[in-house]
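The values are calculated or read from the model by the stated rules, or taken from the named source; none is laboratory data. Please read all numbers here as calculations on a predicted model, not as lab measurements. Positions of Cβ are generated from backbone atoms using ideal geometry, with glycine treated the same way; all protein chains shown enter the neighbour counts. Quick note on the areas: whole protein, heavy atoms, side chains included, nothing else; ligands and nucleic acids left out. Shrake-Rupley method; radii C 1.70, N 1.55, O 1.52, S 1.80 Å.
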Amino acid sequence: MSFSAIATPALDTVGPTAASTAELLKRGKIRETAQKFEASFLSVMMQSMTAGMKTPEVGGGGTGEDMFKSLLAEEMAKQVSRAGGVGVAAAVQKEMLKMQGLKE
C-alpha cells in the first residue's frame, strides 16, 4: 500500500460532487418555478371566480376594493400553492424534470 493511497480519500467519500450540487440546484429552481406557475394559475382562476361579484355599497365596494382585489387573489393563490396546491405544480415539475433529462 502506497502513501498516496492512504493520504488521499476516495472520491466518493469526499462529499457531494459539483455535478450533484448543480443537479440539486437545478431541481430546486424547477420546483420553485413550478410552484410560481401554479400560484399564477390560481391567481387568474380566483380573479375570474370573483369578477362578477358585487359588494354592498354601504361598507364595501368602491375604487379601493377594485384596486386591491387582484392583490388579494394573488396572495391567496401563493398561500394555496405553498400549502400543497391543487396538483398543477407537481405536474409541471414532472414535465420540466423530464425536459431536462432528470428523473423524478
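Placing a pseudo-label 7 Å from each Cα along the Cα-to-Cβ vector at LEU24 and GLU104 gives an inter-label distance of 2.3 nm. Solvent exposure of region 14-104, expressed per residue, is 74 Å² of accessible area, with all protein chains present and a 1.4 angstrom probe. Counting charges near LYS78 (Lys, Arg +1; Asp, Glu -1) among other residues having Cβ under 13 Å from its Cβ returns a value of -2. With 32 Å as the limit on Cα-Cα distance, the pairs of LYS78/LYS103; LYS36/LYS103; LYS54/LYS94 that go past it are LYS54/LYS94.
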